[in-house]
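What follows is calculated from the coordinates using simple rules that are stated; it is not laboratory data. Remember, predicted model here, so these are calculated numbers, not experimental data. Cβ placement follows ideal geometry from the backbone for every residue including glycine, while neighbour counts extend to all protein chains displayed.
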Amino acid sequence: REVVLAAVQEDGEALGYASEELGADREFVLAAVQQNGRALQFASQELRELSGRALYYASQKLGADREVVVTAVQQSGRALQYASAEMRADREVVLATVKQNGMALQFASQ
């Protein structure tokens with residue numbers, strides 16, 4: 001478990017080689033996505049129900065999860081475009097987005 005966690009922290013896409021169990025573990029998926037937003041494609045279907053593309057793969061439930069959205073926009077501000085309307089209007093989320101990429105403000109709710 002510790003070896004795989006270290007691997008995804010070094011290269012998020014290493015999640016693709018992890019067991020199904022670890023691909024369904026929120027801690028592992030968040031660690032992988034923090035390193036590389038594209039790693040979400042290797043997460044379990046349930047966790048995708050969590051990059052700019054990480055939130056593209058996310059379910060509506062995860063697209064509305066503040067921790068998941070902040071993690072994604074800190075990796076790529078453009079991820080905001082795939083977040084729920086509520087998260088696109090959330091001040092904390094929008095501030096995290098703008099810190100990462102000021103141009104991504106265009107994806108925030110008015």
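Using the Karplus relation 6.51 cos²θ - 1.76 cosθ + 1.60 with θ = phi - 60°, the per-residue 3J(HN,Hα) values for the stretch 26-31 come to 4, 4, 5, 5, 4, 4 Hz, with x marking Gly and Pro. Remark: the stretch 58-66, residue by residue, has Karplus-estimated 3J(HN,Hα) of 7, 6, 4, 4, 6, x, 10, 8, 3 Hz, where x stands for each Gly or Pro and the curve is 6.51 cos²θ - 1.76 cosθ + 1.60 at θ = phi - 60°. Mean silhouette area of the chain, derived from the convex hull of its C-alpha atoms and averaged over all directions, reads 5.8 nm². So if each residue of separation counts as 0.36 nm, and I subtract the Cα-Cα distance between Gln110 and Gln74, what length gain in nm does that give? Contour length minus the Cα-Cα distance gives 10.9 nm.
The stretch between Glu2 and Ala24 holds 6.4 nm of extra length on full extension. This uses 0.36 nm per residue minus the Cα-Cα distance. Label-to-label distance for Tyr17 and Glu67 is 2.8 nm, based on points extended 7 Å past Cα in the beta-carbon direction.
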